[in-house]
Every structure is written in C-alpha cells, then in structure tokens.
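Beneath this line is the structure, given in structure tokens, with notes to follow.
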Amino acid sequence: MCRVPTDICIDCNAGRRMGCGTFCCKLLVRLRPEDAEALYPENPSKRFIDKNSDGYCMYLDRTTFRCDIWEKRPSICR
C-alpha cells in the first residue's frame, strides 16, 4: 500500500522480493566510518546519507526507484 504521494510511490513488498530487507529509502541512514569513506572520500567524517527535498535518499533513482549506488551501498542498506 502506498502511503506517499502517487508520483513518488515505493513498493516495499516488491523491494523485499528483490532482496531488500528494510527498503528504507526515506529513513535516516547512519553511516559507519568505512561506509562514509567509500561514499564520501572528500568528507569521510560524514555520518548520514543526504536526502533530497522530497525526503528520499539522494541515491534513489526517481525513474526506476532503484538504488544508484547498489554495488557500494552502505552496510546498513545491505
């Protein structure tokens, strides 16, 4: 069931079927030091993934609703 505007709807059940355990694109994602170094080498002290103005993870492709950094996503997203 979609609880966000229909133009930005993420199907959590479909995400889980694709292997995502939490599908937390709108939650605050805390980064471990090793994840911060991998994602933000210019700012390895960063502790959270940024969100876009719609509240979703900046790495969520709004066209496909898939992760743009799937291969190097933070460990908490795995």
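The values are calculated or read from the model by the stated rules, or taken from the named source; none is laboratory data. Treat the numbers as computed from the prediction; the structure is a model and nothing was measured. Ideal geometry is used to build each Cβ from the backbone, glycine not excepted, and the neighbour counts take in all protein chains shown. With ligands, DNA and RNA removed, areas are computed over all heavy atoms of the protein, side chains included. Shrake-Rupley method; radii C 1.70, N 1.55, O 1.52, S 1.80 Å.
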Under 8 Å by Cβ, and 6 or more places apart or on different chains, what pairs join a residue from region 66-78 that is over 13 Å from Cys24 (Cα atoms) with one that is surrounded by 14 or more Cβ atoms within 10 Å (Cβ to Cβ)?
Asp68/Tyr59; Asp68/Leu60; Ile69/Leu39; Ile69/Tyr59; Lys72/Ala38; Lys72/Leu39
Which pairs have Cβ atoms under 6 Å, sit 6 or more apart or on different chains, and link a residue in region 34-49 that is assigned to a loop (DSSP other than H, G, I, E, B) to one that is open to solvent by less than 40 Å² (accessible area, probe 1.4 Å) and among the hydrophobic types (A, V, I, L, M, F, W, C)?
Pro44/Ala36; Lys46/Ala36; Arg47/Leu31; Ile49/Val29; Ile49/Cys57
Condition (residue is open to solvent by less than 70 Å² (accessible area, probe 1.4 Å), in contact (Cβ under 8 Å) with a residue 40 or more places away in the chain and not in a loop (DSSP other than H, G, I, E, B)) applied to region 22-32: is it met by at least one residue?
no
Scanning region 33-58 for residues that are open to solvent by 80 Å² or more (accessible area, probe 1.4 Å) and either acidic (Asp, Glu) or under 15 Å from Gly15 (Cα atoms) (or both) gives Glu34, Glu37, Glu42
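Go through region 59-75 and give me each residue that's open to solvent by 70 Å² or more (accessible area, probe 1.4 Å) and in a loop (DSSP other than H, G, I, E, B).
Arg62, Thr63, Thr64, Arg66, Asp68
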